[in-house]
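Colleague: This structure is in structure tokens; I'll ask about it shortly.
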Amino acid sequence: MLLAATDPWTAILNFLQTMIVPNWGQLISMLPFFLLLGVVGPLISLVGVMWFWYAIHRKRGHVKVVEPEAQPALRDQNGNPIFPPNVPFCEEHGLIYPASRTTCAIDKDELSVVCPVDHTTRPASQQLCRACGTRYSLGAASTALTVRRTGQPPEGGAAVA
């Protein structure tokens with residue numbers, strides 16, 4: 001059997017007929033796909049772009065690290081300064097310095113430190129106590145951090161002591 005050859009004009013008209021007069025049942029069955037592609041897809045894309053823009057432009061907290069200043073030492077009944085152990089201090093000016101300092105800010109003299117083991121005084125630049133042999137370094141944690149809990153208090157409406 002020979003297949004009848006269709007002329008090109010009939011083939012073009014058959015193709016145009018499928019475009020001009022579509023199969024409406026097939027198009028209605030594809031409606032959820034068109035909704036997903038034409039409505040939900042752009043909305044998800046828009047939400048993604050907005051989230052990315054927010055992530056780039058949001059204001060973030062900036063931590064400013066500042067070395068603490070020298071503080072005056074506490075005084076006893078006679079007015080003599082009381083220096084805590086393992087903290088650099090200037091005995092002449094009665095000031096307590098942060099752990100990272102080894103010289104006085106006023107006259108540039110070397111600071112002293114009281115040994116926490118045997119309570120002898122040594123220069124702040126030395127990491128070894130000559131009396132008891134304890135080795136330590138000042139300023140191991142040079143920045144003190146305060147951790148604050150955010151959120152709600154525990155159940156019952158009051159903080160637990």
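Colleague: Could I have the simple spin-label model distance between Lys59 and Ala11, label points 7 Å from Cα toward Cβ, reported in nm to one decimal?
Modeller: Here the modelled spin labels are 6.9 nm apart.
Colleague: Suppose a student asked you for the relative contact order of segment 67-140, using Cα pairs under 8 Å spaced at least 6 residues apart; what percent would you report?
Modeller: With pairs under 8 Å counted, the relative contact order is 23 percent.
Colleague: To continue, here is another question. For Glu92 paired with Thr18, estimate the spin-label separation in nm (one decimal), with each label point 7 Å from Cα along the Cα-to-Cβ line.
Modeller: 10.1 nm
Colleague: A further question on this structure: Suppose each label sits 7 Å from its Cα in the direction of the beta carbon; what would the Val117-Gln71 distance come out to in nanometres?
Modeller: So the label points at Val117 and Gln71 sit 2.7 nm apart.
Colleague: Using 0.36 nm times the number of residues separating Thr134 and Ile44, minus their current alpha carbon distance, what extension gain do you get?
Modeller: The span from Thr134 to Ile44 would gain 26.0 nm if fully extended.
Each reported figure results from applying straightforward, stated rules to the coordinates on display, with no laboratory input. A quick note: this is a predicted structure, and the numbers were derived from the prediction, not measured. Virtual Cβ from ideal backbone geometry, glycine too; neighbours counted across all protein chains shown.
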